[in-house]
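What follows draws every value from the coordinates through simple rules; no lab data is involved. Keep in mind that this is a model prediction, so the values were computed, not measured. Positions of Cβ are backbone-derived with ideal geometry, glycine not excepted, and every protein chain shown enters the neighbour counts.
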Amino acid sequence: MPGTTRDVMAGSRRVAEVTPYTVELYERGSSLALEAKVEAALTAAGLPFTRRCVPLSGGVVEMAYEVEVLGR
């Protein structure tokens with residue numbers, strides 16, 4: 001469960017609540033095929049995403065996908 005939400009306002013009225021999520025994929029090296037599957041699943045679910053690649057120690061790579069969902 002995420003710890004934060006953000007309100008979407010119109011004028012002075014709250015019209016929606018947006019909840020940010022991070023989908024994290026840890027790989028040894030980089031697998032374009034696996035990353036493509038994750039991205040296809042997010043796209044099929046109608047979730048626009050921002051992808052971030054973080055090299056970690058020991059040849060491990062973290063691919064983080066930031067998504068926002070209306071509601072909780």
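Side notes on the structure shown:
- Members of the range 58-72 found to be outside any strand (DSSP E or B) and among the hydrophobic types (A, V, I, L, M, F, W, C), listed by number: none
- Matching residues in the range 47-65 - criterion: being surrounded by 10 or more Cβ atoms within 10 Å (Cβ to Cβ) and either within 16 Å of residue 22 (Cα to Cα) or touching a Leu at 6+ places or on another chain (Cβ under 7 Å) (or both): 47, 49, 50, 51, 52, 53, 54, 61, 62, 63, 64, 65
- The residue of the range 7-46 that is surrounded by the fewest Cβ atoms within 10 Å (Cβ to Cβ), among those that are without any contact (Cβ under 8 Å) to a residue 40 or more places away in the chain, at negative phi and in contact with a helix residue (DSSP H, G or I) (Cβ under 8 Å, 6 or more places away or on another chain), is 28.
- Residue in the range 2-18 that is within 17 Å of the chain's Cα centre (by Cα), farther than 18 Å from residue 71 by Cα and of a type outside the set (Val, Ile, Thr) present: no
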